[in-house]
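Structure record follows, encoded as structure tokens.
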Amino acid sequence: MPSFAKVLSLAAVAFGAFVSAAPSAPRGIVDVAAETGLVGEILGHRDVVETSTTTVFSILTEAKVKIAPIVEPFNYLTSQNATVVVIKPIVAQLNVVLYDVVNDVKALVGRPVAEILVGLNGVQCTVDDIVSLLGAIITLVFDVLAKVLLVVTVDVSAILAILTPVVYAVIALVTVVLQIVVVVLGETVVSAVYTILTSPDILNVCVKLSVGSIINLIHL
């Protein structure tokens with residue numbers, strides 16, 4: 001079973017890429033943030049997070065709801081329309097949500113764990129609750145990335161560069177959640193999420209995007 005130390009290693013790599021992406025962030029992300037009225041800055045630079053979402057469960061549930069309609073257009077991409085012009089704005093919106101969710105979860109650090117792990121009906125979240133939500137988000141994002149990679153035939157290098165930060169954002173989300181919940185739920189939750197991350201479909205996406213540092217750590 002993967003150790004918690006491995007989670008911290010993943011976190012270091014993911015957050016390094018996560019933060020380093022900030023200075024070169026495409027203007028499209030900033031534009032989308034302004035147009036959609038999302039609170040706060042993006043790309044890991046929000047010093048204060050103003051949100052009514054106060055538990056891991058509610059943050060992840062809201063994230064899943066937000067991500068689904070954003071990535072839906074990816075299901076209709078073909079080799080003819082899978083271009084930078086079409087893909088870049090969609091990914092920009094996705095990044096806004098992922099980066100904000102990471103910051104929202106990070107903002108929970110230091111609060112009573114019993115409080116931030118409340119789920120439905122005031123009952124503490126179980127391993128299955130967290131794994132189900134994280135698994136849904138991971139699968140949702142990686143499934144559409146796989147579909148894009150399957151059909152893209154033009155602007156390939158540029159599109160790969162656009163998609164790669166999404167992988168790091170998802171891993172950053174996974175690691176920051178695990179760092180919080182492992183204290184209460186134990187390393188069983190780490191093992192369960194690790195199983196999802198090592199599925200052939202997800203590893204295949206990582207290979208195609210040349211996310212070598214993530215692949216190496218997953219296989220430790």
Evaluation of SER210 against (1) part of a helix (DSSP H, G or I); (2) small (Gly, Ala, Ser); (3) surrounded by fewer than 14 Cβ atoms within 10 Å (Cβ to Cβ) (one fails), failing number = (1)
query = So how many residues does the range 91-117 have that are touching a helix residue (DSSP H, G or I) at 6+ places or on another chain (Cβ under 6 Å) and either of a type in the set (Lys, Arg) or without any contact (Cβ under 8 Å) to a residue 60 or more places away in the chain (or both)?
reply = 3
query = Within the range 91-109, can one find any residue that is buried (at least 17 other Cβ atoms within 10 Å of the Cβ) and more than 15 Å from the chain's Cα centre (by Cα)?
reply = yes
inquiry  = Any residue that is without any contact (Cβ under 8 Å) to a residue 40 or more places away in the chain, of a type in the set (A, V, I, L, M) and assigned to a helix (DSSP H, G or I) - is there at least one of those in the range 169-180?
reply    = no
query = For the range 111-156, what are the residues that are farther than 18 Å from ASN204 by Cβ and of a type in the set (Asp, Glu)?
reply = GLU115, ASP128, ASP129, ASP155
Filter pass, VAL85 being closer than 22 Å to LEU150 by Cβ and open to solvent by 60 Å² or more (accessible area, probe 1.4 Å) = yes
message = Only one of LEU140, LEU134 is in a helix (DSSP H, G or I), under 30 Å from LEU77 (Cα atoms) and open to solvent by 40 Å² or more (accessible area, probe 1.4 Å). Can you tell me which?
response = LEU140
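Each row is one residue, and each column tells you yes or no for (1) in a loop (DSSP other than H, G, I, E, B); (2) modelled with pLDDT of 50 or more; (3) open to solvent by less than 60 Å² (accessible area, probe 1.4 Å); (4) out of contact with any Pro (no Cβ under 9 Å at 6 or more places or on another chain).
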{"residue": "HIS45", "(1), (2), (3), (4)": "yes, no, no, yes"}
{"residue": "SER58", "(1), (2), (3), (4)": "no, yes, yes, yes"}
{"residue": "LYS64", "(1), (2), (3), (4)": "no, yes, no, yes"}
{"residue": "ILE70", "(1), (2), (3), (4)": "no, yes, yes, yes"}
ask   = What are the residue pairs meeting all of these: first residue in the range 183-205, first residue closer than 27 Å to LEU163 by Cα, second residue among the aromatic types (Phe, Trp, Tyr) and assigned to a helix (DSSP H, G or I), Cβ atoms under 7 Å, and 6 or more apart or on different chains?
value = VAL190/PHE4; ASP201/PHE142; ILE202/PHE142; VAL205/PHE142
inquiry  = Based on this model, can you work out whether VAL152 counts as crowded, with 17+ Cβ neighbours inside 10 Å and within 14 Å of the chain's Cα centre (by Cα)?
reply    = no
key: Residue count for the range 156-204, restricted to those that are over 25 Å from LYS106 (Cβ atoms) and open to solvent by less than 10 Å² (accessible area, probe 1.4 Å)   = 1
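The values are calculated or read from the model by the stated rules, or taken from the named source; none is laboratory data. Keep in mind that this is a model prediction, so the values were computed, not measured. No Cβ is skipped: glycine too gets one built from the backbone with ideal geometry, and neighbour counts run over all protein chains shown. Keep in mind that these areas ignore ligands, DNA and RNA; they rest on the heavy atoms of the full protein, side chains included. Shrake-Rupley method; radii C 1.70, N 1.55, O 1.52, S 1.80 Å.
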